[in-house]
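Reviewing the structure listed below.
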Amino acid sequence: MAAFGTEFTDKMVINHYADGQWSGLDVVPVEPFRLHPATHVLHYASECFEGLKAYRTAEGNIHLFRPDRHVARLLNSAAQLLLPVPDEATLVSSLHRAVAEVKDQIPAYPGSLYLRPTLFGTEEDIGAAARPTQKAIYYVLTSPVGDYFAGGLKPLRVKVDHEAQRSTPEFGAVKTGGNYAAAMRQVVRAREELGADQVLFAPGGIVQETGAANFVLIENGELLTKPLDGSILPGVTRDSILTLAAEAGLKVTERDFNVTELLERAPNGEAALTGTAAVLTPVGELVHNGVTTQVGNGEMGPWSSKLRDQLCSIQSGTADDPHGWRVALNA
Ligand SMILES: *Cc1c(COP(=O)(O)O)cnc(C)c1O
């Protein structure tokens, strides 16, 4: 299978906003857009998106994983960016429709169908720098993805940066391209200078998250992570892992913690990144001020492996789903 993000199905769901209304959901071939050079998003970054997955189980059933959470987050992102957005029911049905249209292109587990709902401003007006776009496009692109870890689960080397900002305090919970643009040069620099895979942003010394995944520390029977205070993305995977961790007997603590506490506890514990694409990825090394600290024995720890397996079993359809996270395809 092609690298994650480079292969797409042949159809997508689309909805156009103009003159104060949405056109309604339509299914079109995946083809390039024709955009005027003055298109709002190209100048003023009026854009947000989501990322979620649909799975085909061994029995051939198709379900989406917690689509309601992704819809709620998209509604919030759009509101913060003053972007017009379809209503909740339309967004939910856009996801089901996008999956149904390409049902026969969904790889069996551990593969899945990755959905990328995207919303962007299309008004043709470079004078609209300080005013919301009056036109927009919403679409759901889908991508068949293979096993993210076909090559094995290699623990990451992560730079801990106590100065750089990933986002602003207002936009940390908004899934928008602007946050990725702001974080990118930090990640590239960490890769070039330290051979790091990711940057853990900890502005002012408070540990937040990486450029595209939430961060958890597990040590001495406790799972510690930053609370949802608007500065980090409210990850659906984060929420799922916290729920499973509490049920498995870990004490789940959401509070601010600093780099000093992280580096003190990490050698005796485990650390991991959570996100839809990779579920849970272990962190093997933390690099701060040029000094490398090994997390546990540098390999994936027992809690990380247990929680990852549990979540994967729910997603694959082999475990019970007491929380109703699997939503059967209904289109
Ligand atoms: C998308 C994203 C996550 C992960 O969210 P999930 O809902 O778990 O996929 C975490 N942090 C950032 C900055 C993100 O953009």
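The values are calculated or read from the model by the stated rules, or taken from the named source; none is laboratory data. Computed from a predicted model, the values in this text were never measured in an experiment. Cβ: placed from backbone, ideal geometry, glycine included. Neighbour counts: every protein chain shown. The protein model used for the area step is the full one, side chains on, heavy atoms only, and it has no ligands, DNA or RNA in it. Shrake-Rupley method; radii C 1.70, N 1.55, O 1.52, S 1.80 Å.
Residue-by-condition table, conditions (1) touching a Cys at 6+ places or on another chain (Cβ under 9 Å); (2) touching a residue at least 40 places away in the same chain (Cβ under 8 Å); (3) buried (at least 19 other Cβ atoms within 10 Å of the Cβ); (4) among the acidic types (Asp, Glu):
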| residue | (1), (2), (3), (4) |
| --- | --- |
| PRO144 | no, yes, no, no |
| TYR148 | no, yes, no, no |
| LYS159 | no, yes, yes, no |
| LYS175 | yes, yes, yes, no |
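Collect the residues in the stretch 165-201 that are away from the ligand (no atom under 14 Å from the Cβ) and at pLDDT 95 or above, keeping them in residue-number order.
ARG185, VAL188, ARG189, ALA190, ARG191, GLU192, GLU193, LEU194, GLY195, ALA196, ASP197
Return a yes/no flag: does the stretch 70-77 have any residue that is open to solvent by 10 Å² or more (accessible area, probe 1.4 Å), in a loop (DSSP other than H, G, I, E, B) and in contact (Cβ under 8 Å) with a residue 40 or more places away in the chain.
no
Go through the residues of the stretch 20-39 one by one and say whether even a single one is crowded, with 16+ Cβ neighbours inside 10 Å, among the acidic types (Asp, Glu) and part of a loop (DSSP other than H, G, I, E, B).
Taking every residue of the stretch 20-39 in turn, none turns out to be crowded, with 16+ Cβ neighbours inside 10 Å, among the acidic types (Asp, Glu) and part of a loop (DSSP other than H, G, I, E, B).
Which residues, taken from the stretch 57-86, are within 26 Å of ALA18 (Cα to Cα) and touching a Phe, Trp or Tyr at 6+ places or on another chain (Cβ under 6 Å)?
Once the filter is applied, which keeps residues that are within 26 Å of ALA18 (Cα to Cα) and touching a Phe, Trp or Tyr at 6+ places or on another chain (Cβ under 6 Å), the stretch 57-86 yields PRO84, PRO86.
Return the pair list, or none, for Cβ contacts closer than 6 Å from residues in the stretch 1-16 that are closer than 23 Å to ARG34 by Cβ to residues that are surrounded by 12 or more Cβ atoms within 10 Å (Cβ to Cβ) and of a type in the set (Lys, Arg), at least 6 apart or on different chains.
Pairs found: VAL13/ARG97.
Restricting the search to the stretch 183-206, which residues are of a type in the set (A, V, I, L, M, F, W, C) and buried (at least 17 other Cβ atoms within 10 Å of the Cβ)?
Hits for the stretch 183-206 are ALA183, VAL187, ALA190, ALA196, VAL199, LEU200, PHE201, ALA202.
Consider LEU82 carefully, then state whether it is on the phi > 0 side of the Ramachandran plot, surrounded by fewer than 22 Cβ atoms within 10 Å (Cβ to Cβ) and not in a helix (DSSP H, G or I).
So LEU82 passes the test.
How many residues are surrounded by 14 or more Cβ atoms within 10 Å (Cβ to Cβ) and without any contact (Cβ under 8 Å) to a residue 60 or more places away in the chain if we restrict to the stretch 295-305?
Of the residues in the stretch 295-305, 2 are surrounded by 14 or more Cβ atoms within 10 Å (Cβ to Cβ) and without any contact (Cβ under 8 Å) to a residue 60 or more places away in the chain.
Give the residues of the stretch 51-69 that are touching a residue at least 60 places away in the same chain (Cβ under 8 Å) and open to solvent by 40 Å² or more (accessible area, probe 1.4 Å), sorted by residue number.
ALA58, GLU59, ASN61, ASP68, ARG69
Kindly evaluate GLN105 against the criterion of being open to solvent by 20 Å² or more (accessible area, probe 1.4 Å), outside the structural domain of ALA45 (by TED's automatic domain parsing) and polar (S, T, N, Q).
So GLN105 does not fit the description; no.
Given the criteria in the same structural domain as THR274 (by TED's automatic domain parsing), surrounded by 17 or more Cβ atoms within 10 Å (Cβ to Cβ) and at pLDDT 95 or above, does ALA136 qualify?
Taking the combined requirement at face value, the residue does not satisfy it.
Among the residues of the stretch 216-259, how many are free of Cβ contacts under 8 Å to residues at least 60 places away in the same chain and either touching a helix residue (DSSP H, G or I) at 6+ places or on another chain (Cβ under 9 Å) or more than 9 Å from the ligand (Cβ to nearest atom) (or both)?
26
Are there any strands (runs of 3 or more DSSP E) wholly within the stretch 170-253 with 3 or more residues that are among the hydrophobic types (A, V, I, L, M, F, W, C), and if so which?
198-201, 214-219
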